[in-house]
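Below: one structure, written as structure tokens.
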Amino acid sequence: MKSLLKKSTLVLSTAMLLFACGGKETKKSTTTVEASTSKTKQLAIEKPQLTFGFIKLTDMAPLAIAKEKGFFEDEGLFVSVEAQSNWKNVLDRVIDGQLDGSHMLAGQPIAAGAGFGRQAKLVTPFSMDLNGNGITVSNDVWSKMKPNVPKDGSGKPIHPIKADALKPVITEYKNSGKAFKMGMVFPVSTHNYEIRYWLAAAGIHPGMYTKENVQGQIDAEVLLSVTPPPQMPATLEAGTIYGYCVGEPWNQQAVFKGIGVPVTTNYDIWKNNPEKVFVMTEKFVKENPNTAIAVTKALIRAGKWLDKPENRKEAVKILSMSQYVGAPEEVLANSMTGTFEFEKGDKREMPDFNVFYKYNATYPFYSDGIWFLTQMRRWGQIPEAKPADWYASTIKDIYRPDIWKKAAALLVEEGNIPASDVPTTDGYKPATADFIDGTTYDAKDPIGYINSFKIGNKDKK
């Protein structure tokens, strides 16, 4: 039975007494406590106390909001949210059961199921966001790129900026005997595939993987290497890398510190692309099915709360707290409040840079997951050709819209989301050409998509 509670504000005036041994005066304080309304239909939770992990990035926001706004508690969940040092640590701790679930790169559960890197049975019932990444280069590289970038009537760079503007800079470095080095956050991260896509679209080879060589630098004109997100600006400033692809706030941090210039966002590389996911082990979901649904409910509510523009300033304050992202509010606000700054002072409207709910952002579409599999095969992380039906069957073991649908149905029943927010879908988005090079992606023809690129592996249908 639903518990319908009226919203009330209870003001408690308490005298806070110190122990007599200190001999200090009694101090009085007044605390305002708001008892929140809950329409939640609580499930029989198998495991109420949970520990979730995250990396210090803006797109961990649904976890922070679900905790801070009481959405987890509404479901009868008592959640600890803990920052992790790097993506490998996140993956290992979820697989080993030290974390019950985590904010994770979309490619991580997919790679674990497809046989690249550490293998495990992981599932995602919830997509955390769309967009949210950028590619930043050092000031020196930007000064060399800028003359190659088309300008508008006022002299401002025309966006999106393609990697064609970077190509002569790479040639200059090569002729002077210097390898051109850039950073990304993990071999199976969206960032790795996005920076590769951006480079390859301009005819710049980002390197291949093989079964024997997992560095991904075979035939590379740009050497890509792993750097944890919070370390990106410092690594750029030190000159170890000349650019990077990372999530926020670490592109805006480069602008804030005056050490680099973001040249494109992943919104321009692939409009409304999937980014992070929430991941649990298959074993956890089987043993705790109601808990998995309840967690998903809370996260969907958090995504909805985040996409109300009037809530973004409060979200920035929450994310700036040291236990979450811990970046200055002004840095977080640069992208979280509907703008994005490229060159210092060149701040542009970008309302969809961070999307947490609209466009069915929280739904785990099979087509989103298959895109990652096509990129793993394109660049050789999946070393052998696979039949077309392998892509669909593999992703259906990992992406779990069935859990999402159960959570959403309860939220509709409770009045927390409208029924119109539940997509009618077979799990596949329509084919789209919303990429920086205009190539069409149809998840139902993964091999045709792989073969459409000039650079990368080719497979027989």
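Between the beta carbons of N175 and T439, assuming R0 = 25 Å, the FRET efficiency works out to 0.25 to the nearest 0.05.
Directionally averaged projected area (the range 62-123, Cα convex hull): 4.5 nm².
A Cβ-based charge dipole, computed about the Cα centre of the range 41-111 with Lys and Arg at +1 and Asp and Glu at -1, lands at about 120 debye.
Each semi-axis of the equivalent ellipsoid for the range 300-414 is √(5λ) with λ an eigenvalue of the Cα gyration tensor; in descending order they amount to 33, 22, 12 Å. Taken over the alpha carbons of the range 76-219 as equal point scatterers, the Debye sum produces base-10 log I(q)/I(0) values at 0.14, 0.16, 0.17 Å⁻¹ of -0.84, -0.99, -1.06. Taken over the range 208-247, the percentage of Cα pairs per 5 Å bin, counting from 0 up to the bin with the maximum distance, is 6, 22, 24, 20, 17, 10, 2. Residues whose amide H falls under 5 Å from that of V246, counting only those 5 or more places apart or on a different chain, are G134, T136, with hydrogens built in the peptide plane. Grab the beta carbon distance between S154 and K460, set R0 = 51 Å, and tell me the FRET efficiency rounded to 0.05. It comes to 0.50. Considering only the range 35-169, what is the antiparallel percent among its DSSP beta bridges, to the nearest 5? Antiparallel bridges make up about 10 percent of those DSSP assigns within the range 35-169.
At full extension, A419 and I218 could sit 67.4 nm farther apart than now, given 0.36 nm per residue minus the alpha carbon distance. Prolate is the label for the range 138-244. Its Cα gyration tensor axes, ordered a ≥ b ≥ c, give a/c of at least 1.5 and a/b above b/c. Measuring r between the beta carbons of S225 and S85 and using R0 = 22 Å, the FRET efficiency lands at 0.80.
Shape analysis of the range 399-461 places it in the prolate category; the axes a ≥ b ≥ c from the Cα gyration tensor give an a/c of at least 1.5, with a/b above b/c.
For the range 185-250, the list of chymotrypsin sites (Phe, Trp or Tyr not before Pro) that fall in a loop by DSSP and count at most 12 other C-beta atoms within 10 angstrom is empty. Could you state the angle between the C-alpha long axis of helix 401-414 and the longest principal axis of the C-alpha atoms of the chain, as a value from 0 to 90 degrees rounded to the nearest 10? Here the helix axis deviates by roughly 40 degrees. I'd like the distance between the alpha-carbon centres of the range 416-461 and the range 119-148, rounded to an integer number of Å. Result: 19 Å between the Cα centres. If each residue of separation counts as 0.36 nm, what is the full-extension length gain between Q323 and T210 once their alpha-carbon separation is subtracted? Length difference between fully extended and current span is 36.8 nm. Among the trypsin sites (Lys or Arg not before Pro) found in the range 109-199, those both in a DSSP coil and sparsely packed, with 13 or fewer other Cβ atoms within 10 Å of their Cβ, are R118, K178.
With each label modelled as a point 7 angstrom along the Cα→C-beta vector, the D164-K121 pair spans 4.9 nm. Here the dipole of the chain is about 200 debye; that uses its Cα centre as origin and unit charges on the Cβ of Lys and Arg (positive) and Asp and Glu (negative). By DSSP, the beta bridges lying fully in the chain are antiparallel in about 75 percent of cases. A simple rule links phi to the HN-Hα coupling: the Karplus curve 6.51 cos²θ - 1.76 cosθ + 1.60 with θ = phi - 60°, which for the range 331-343 gives 6, 4, 5, 3, 10, 6, 10, x, 10, 8, 9, 9, 4 Hz, with x for Gly and Pro.
Rule-based calculations on the coordinates, nothing more; no lab input. No experiment lies behind these values; they were computed from the predicted model shown. When we count neighbours, we look across all protein chains shown, and the Cβ atoms used for this are built from the backbone with ideal geometry, even at glycine.
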